[in-house]
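The structure appears right after this line, and notes come after that.
The values are calculated or read from the model by the stated rules, or taken from the named source; none is laboratory data. Please read all numbers here as calculations on a predicted model, not as lab measurements. Neighbour counts are summed over all protein chains in view; Cβ atoms, including those assigned to glycine, are modelled from backbone coordinates with ideal geometry. Just the protein is used for accessible areas: all its heavy atoms, side chains included, with ligands, DNA and RNA removed. Shrake-Rupley method; radii C 1.70, N 1.55, O 1.52, S 1.80 Å.
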Amino acid sequence: MRIPYFWLREHCDPDLTVDELGELLALRTTEVERISYLGPPSTDGFVVGKVVSVEQHPDADRLTVCEVQTGDATRTIVCGAPNVAAGQTVPVALPGAVMPGGEKLGRAELRGVTSDGMILSEAELQIGDDADGIIVLSASSSSTPGADRSVEVWAAGSPLAEVLPLAEPVLELEVASNRVDCLGVYGVAREVHAFSGAPLAEAPWEDDAEAAGEGEASDYASVTVEVPELCPRFTARVFTEVTLGPSPLWLKARLVAAGQRPINNVVDITNYVMLLTAQPLHAFDLDRVPDGELIIRTAADGERMTTLDGVERTFDAEAVLVCDRNGPSGIAGIMGGQVSEVSESTTRVLLEVATWNGVNILRTSRKLGLRSEASNRFEKQLHPELAIRAQRIASRLIVELCGARLVPGTIDAVSELPPARRARMRARRAESLLGMRIEPELCATYLERLGFGVDRDGDDLTAEVPFHRHYDVSREVDLVEEVGRIHGYDEHLPATLPQARSQGGRLTHAQALRRRAEDVMRDLGFDAVVNLSLADPGLPERLRLPEGDPRRAPIRVSNPLSLEQSELRTTLLSSLLDAARYNAARDAERIALFESGRAYLAKGKSEAGGVLGGEFAGERKPPAFEPHCLAALTSGPLAVPSWGADARPTDFFALKGTLEALAGQLGAQVAFEPGAQPFLHPGRAARVLLGGLEAGWLGEIHPVVCRQWDLDSAVGFQIGLAELVAASTLGLEQYEDVTTYPAVHEDLAIVVDEGLPAARVREAVMEGGGELLRSAVVFDLYRGKQVGEGRKSLALRLEFRAPDRTLTDAEVAERREAIKAALAEIGGSLRE
């Protein structure tokens with residue numbers, strides 16, 4: 001919302017610089033995005049001039065040579081405007097003046113005649129869009145509306161800033177959704193009045209226009225509201241003998257400063273009143289509304305209409321339309337239609353000021369992809385009483401600026417008005433919530449300045465909420481907030497330390513382990529990335545996710561910034577693939593990435609095959625819909641190539657080792673079982689188990705998926721951090737003395753069926769070895785004729801050790817026999 005400071009000062013002048021006011025507004029009311037300036041950067045060199053004479057240029061048909069009095073001197077100025085004439089009072093820029101674009105004006109020779117300045121147009125001063133002719137000043141040009149138009153009051157040489165807004169600051173506010181009153185200049189002025197105590201001008205809607213037309217408004221028009229729940233109030237007034245034309249300069253200047261383009265006096269008045277009061281209005285050409293009959297109804301599904309911007313729009317059955325008997329004439333609360341647009345031939349105007357259901361306006365606006373200044377206000381919900389206020393201001397201006405006659409009466413189709421709200425504020429409650437005491441007299445003063453009606457009861461008070469804050473203030477705590485912010489937290493709230501047993505914060509056990517896991521991944525050579533949680537709707541297809549997989553049904557964002565970021569990711573893999581492609585496209589030597597973040601799922605456990613990358617681990621807790629996961633991805637070599645040796649591309653086993661190292665650093669038992677995922681290479685994929693519970697997946701990315709991201713190959717894993725933390729034994733360590741007795745090492749070659757996992761073989765060996773077997777590590781794999789078809793040989797290195805003695809050969813042999821027995825139970829044997 002753009003608030004021109006010169007317009008604001010007409011209603012409340014706090015006698016502050018614009019920077020001081022901006023700081024106070026940000027602290028007490030609403031955020032100030034920036035302060036910009038209207039017109040030239042300085043008023044120096046801009047004066048009022050009097051055209052003494054006008055003669056044709058001797059060497060140019062379209063130029064004139066003017067003698068202009070600018071105070072003590074008369075200057076020769078060459079002018080190309082067709083409307084310049086002797087006797088006019090005009091704005092003049094003298095040599096040395098800096099124009100709005102930053103250009104410094106100097107004397108110029110035009111076809112042999114030296115021009116000692118410039119007579120200015122609206123466009124050159126950036127207070128309007130008329131560039132064809134110069135500005136002719138009169139009393140109606142005053143920056144103050146309602147000035148005496150019977151005389152011209154500015155002498156030649158007077159500073160132009162006394163007549164027109166030059167170098168005027170404009171406050172650009174970021175208004176909160178609950179403060180629709182601050183989308184109007186008078187609403188902001190009321191706020192300034194509340195915290196500064198500066199006088200507030202009388203409300204502009206106090207005076208109404210005098211009716212002078214013939215008959216009653218109901219003789220000219222009628223209004224039928226078929227959906228009162230969506231249109232609580234619809235008011236209309238009729239004007240005859242309307243003269244359409246350009247608006248006076250003061251009105252144009254306000255609109256331009258506030259970011260609106262002047263069109264004509266009728267339309268400009270509706271925009272002006274909206275910017276002043278936050279209540280939108282719309283003007284119909286009454287002669288283009290058959291029999292003046294308006295019907296407010298919902299659209300038929302698929303109904304069409306061309307709006308004022310020239311676009312044909314299609315509606316669904318929930319959109320509300322303003323219609324005449326022939327069809328739609330406007331989209332309720334959003335934009336009017338071309339069929340009843342005010343034009344140069346308009347002589348009769350029907351002025352609509354209505355109240356609409358905010359939720360319906362917001363929905364329709366989003367559905368159509370059409371936002372306007374009107375919809376921005378209506379969607380925040382306006383009180384029906386504000387409609388009459390806007391009617392009064394607009395009626396007075398239409399009569400004054402358009403020479404119109406107001407037909408007596410107001411058509412007012414209104415349903416039941418919401419009752420006034422009252423809230424009680426207790427002094428002790430306010431003090432406990434704010435942490436400071438505000439005297440009851442001050443509390444009442446602040447609320448009264450904001451427009452509340454206040455009744456005192458000792459130190460407590462009861463406030464009646466004004467119409468412009470009806471949907472914002474409803475409870476005691478709301479009144480406390482109003483009093484606190486106007487009083488000023490920055491100036492009066494005492495600085496105190498929180499009362500707590502310990503001033504130092506600490507990480508929880510889970511948070512500390514999560515950080516430990518992230519540090520381990522960094523130490524293993526992986527780079528941390530932080531990706532957006534938003535994803536492309538096409539990801540399920542690119543990841544080859546089948547129907548029925550919960551990751552194929554993501555949560556959709558209701559109002560996305562773009563289609564590519566319209567869904568929440570269901571796995572971290574897609575984000576890592578995006579980052580890998582970005583790095584590969586820039587010739588990164590090695591790509592080893594990891595991310596610690598959340599996935600988002602709308603459904604439960606996958607029907608396609610168990611855990612979804614750590615999302616649903618174990619049966620000891622219900623499914624997590626926003627699980628925190630740890631995922632990693634490598635493409636190309638994991639290590640940087642060194643002299644004399646080429647780096648090998650990362651494969652399944654390299655990343656398996658990374659995951660084992662991570663689990664080891666956190667004291668977690670990790671195991672792997674064969675398990676498929678649709679985006680992993682068949683036969684090179686595994687399920688990850690932590691502490692015996694399923695926690696994620698590991699594998700080489702399917703070549704088809706790699707091609708989707710322009711990668712030659714990639715390997716990745718994803719596990720649930722909750723499962724990793726649950727399996728970790730860090731913090732539960734027990735002391736064990738370092739033994740001085742030597743270990744006995746033996747290598748065993750074990751022949752098993754081809755389909756038996758190495759982890760199951762190792763598990764059987766550990767069970768047979770008992771307490772004396774401290775470790776068993778697989779170090780070789782053999783397939784060939786010596787072991788037979790469908791069989792394989794695994795080589796394991798065993799370490800036997802006792803904490804209190806040196807083991808004998810007999811003790812080790814006994815354990816070896818127990819191992820053979822355990823292997824026999826799974827169909828294995830020692831290779832001779």
Next on the checklist: So D747 passes all but one of these: (1) over 23 Å from D519 (Cα atoms); (2) part of a strand (DSSP E or B); (3) open to solvent by less than 20 Å² (accessible area, probe 1.4 Å). Which condition number does it fail?
Outcome noted: (3)
Checklist entry - If you check I719 against the conditions, is it assigned to a strand (DSSP E or B) and modelled with pLDDT of 95 or more? => result yes
Next on the checklist: What pairs come out if I take residues in region 523-542 that are over 10 Å from P554 (Cβ atoms) and pair them with residues that are open to solvent by less than 40 Å² (accessible area, probe 1.4 Å) and in a loop (DSSP other than H, G, I, E, B) whose C-beta lies under 6 Å away, six or more apart or interchain?
Outcome noted: S533/R569
Checklist entry - Which one of P328, P419, P384 is open to solvent by 50 Å² or more (accessible area, probe 1.4 Å) and either under 35 Å from the mean Cα position of the chain (by Cα) or of a type in the set (V, I, T) (or both)? => result P419
Checklist entry - Listed residues R429, R424, R437; which is open to solvent by 60 Å² or more (accessible area, probe 1.4 Å) and either assigned to a strand (DSSP E or B) or in contact with a Leu (Cβ under 8 Å, 6 or more places away or on another chain) (or both)? => result R424
Checklist entry - In region 224-244, what residues are open to solvent by less than 30 Å² (accessible area, probe 1.4 Å) and either outside any loop (DSSP other than H, G, I, E, B) or without any contact (Cβ under 8 Å) to a residue 60 or more places away in the chain (or both)? => result R233, F234, T235, A236, R237, V238, F239, T240
Next on the checklist: Going residue by residue through region 288-300, is there one that turns out to be open to solvent by less than 10 Å² (accessible area, probe 1.4 Å), under 30 Å from E206 (Cα atoms) and in contact with a strand residue (DSSP E or B) (Cβ under 6 Å, 6 or more places away or on another chain)?
Outcome noted: yes
Item to check | Selected residue (criterion: farthest from G720 (Cα to Cα)) from residues of region 584-603 that are touching a residue at least 12 places away in the same chain (Cβ under 8 Å) and not hydrophobic (A, V, I, L, M, F, W, C) | outcome: E589
Item to check | Filter result for Y741 (among the hydroxyl-bearing types (S, T, Y), open to solvent by 50 Å² or more (accessible area, probe 1.4 Å), touching a residue at least 40 places away in the same chain (Cβ under 8 Å) and in a loop (DSSP other than H, G, I, E, B)) | outcome: yes
Item to check | Members of region 559-581 found to be within 14 Å of G636 (Cβ to Cβ) and surrounded by fewer than 17 Cβ atoms within 10 Å (Cβ to Cβ), listed by number | outcome: none
Checklist outcome for this item: Within region 649-704, residues open to solvent by 20 Å² or more (accessible area, probe 1.4 Å) and touching a Ser or Thr at 6+ places or on another chain (Cβ under 8 Å) come out as P649, A654, G667, E700, P703
Item to check | Residues that are of a type in the set (D, E, K, R) and free of Cβ contacts under 8 Å to residues at least 60 places away in the same chain, drawn from region 17-47 | outcome: D19, E20, E23, D44
Checklist entry - Failed condition for Y471, given (1) open to solvent by less than 20 Å² (accessible area, probe 1.4 Å); (2) not in a helix (DSSP H, G or I), with all others met? => result (1)
Checklist entry - Hey, T806 hits all of (1) open to solvent by less than 30 Å² (accessible area, probe 1.4 Å); (2) of a type outside the set (A, V, I, L, M); (3) in contact with a Phe, Trp or Tyr (Cβ under 7 Å, 6 or more places away or on another chain); (4) farther than 12 Å from V761 by Cβ but one; which does it fall short on? => result (1)
Checklist entry - Inside region 1-60, counting only strands (runs of 3 or more DSSP E) that do not spill past its ends, which hold 3 or more residues that are over 24 Å from the mean Cα position of the chain (by Cα) and more than 17 Å from R190 (Cα to Cα)? => result 46-56
Checklist entry - Does region 12-28 contain any residue that is open to solvent by 40 Å² or more (accessible area, probe 1.4 Å) and among the basic types (K, R)? => result no
Checklist entry - If you go through region 43-63 one residue at a time, do you hit one that is within 22 Å of R254 (Cβ to Cβ) and either aromatic (F, W, Y) or open to solvent by 30 Å² or more (accessible area, probe 1.4 Å) (or both)? => result yes
Next on the checklist: With the requirement that a residue be among the aliphatic types (A, V, I, L, M), touching a His at 6+ places or on another chain (Cβ under 9 Å) and modelled with pLDDT of 95 or more, what does region 592-607 give you?
Outcome noted: none
Checklist entry - Considering D549, D536, D472, which residue is closer than 30 Å to E441 by Cβ, modelled with pLDDT under 95 and acidic (D, E)? => result D472
